[in-house]
Amino acid sequence: ILVGIGTILADDPRLTVRLVEGPQPQPIVLDSRLRMPRSARILQHPRRPWIAALQTGNVAGADVVVLPPDQNGQVDLQRLLVEMGERGVRHIMVEGGAQVISRLLCLGLANYAVITVAPRFVGGYHAYNLSAVAPASIPALGDVEHTSVGGDVILWGAIVAPHTAEISAEKATAE
């Protein structure tokens, strides 16, 4: 399970399995400048968190994985995925936040999305950074399925590149 340091600083999540039986996920935190607070609850996770950073450092309760910067001076996400593959990780669930999700989508590094819509008005937090991309390049979901759980609606589907979505729409119209 992958989050950015912004999510750690804002929400202090545990990132553990709590409501069902199952193995604990390997937590991965994007923290370019090693801003992880010593009090962060993730540092008490049953599995030692991996912190993807641009520099070496000592974070008690975590392993720091030093990676090269991308062109914007942040952890190179493509190199991160290669490193995770080398460590045996085959699937990564991205819990957020908006910057991490936006970067992965802009780079075409995500292939599936699960979106939960809760029937509550919450302001001030966006799941996707629209200012980071041109509207024509925003990906879409294909083969969408959905279900209701409690009052929430859960949607899921494959991420489709914008040009593919347009071609599919044109093809569907032609047929």
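Per-residue surface analysis assigns Arg35 an accessible area of about 110 Å², computed on protein heavy atoms at 1.4 Å probe radius. Using just the C-alpha positions of the stretch 82-123 as equal point scatterers, what log10 of I(q)/I(0) does the Debye formula give at each q in 0.14, 0.28, 0.30 1/Å? With no solvent term, the Cα-only Debye profile gives -0.45, -1.14, -1.18.
Per the Kirkwood formula applied to alpha carbons, the stretch 1-103 shows a radius of gyration over Rh ratio, Rg over Rh, of 0.93. Maximal additional length on extending the Ile138-Leu155 stretch stands at 4.4 nm, based on 0.36 nm per residue less the C-alpha distance. The label-point distance for Ala60 and Asp11, in a model that sets each label 7 Å from Cα toward Cβ, rounds to 2.7 nm.
Using a simple spin-label model with pseudo-atoms 7 Å out from Cα toward Cβ, Gln24 and Ser148 lie 3.7 nm apart.
Each Lys and Arg Cβ is given +1 and each Asp and Glu Cβ -1; about its Cα centre, the stretch 42-92 then shows a dipole of about 220 debye.
The values are calculated or read from the model by the stated rules, or taken from the named source; none is laboratory data. Computed from a prediction, not measured in an experiment: that's the story for all the values here. Every residue, glycine among them, receives a Cβ derived from its backbone with ideal geometry; neighbour counts consider all protein chains shown. Only protein heavy atoms, including side chains, enter the accessible area calculation; ligands, DNA and RNA are left aside. Shrake-Rupley method; radii C 1.70, N 1.55, O 1.52, S 1.80 Å.
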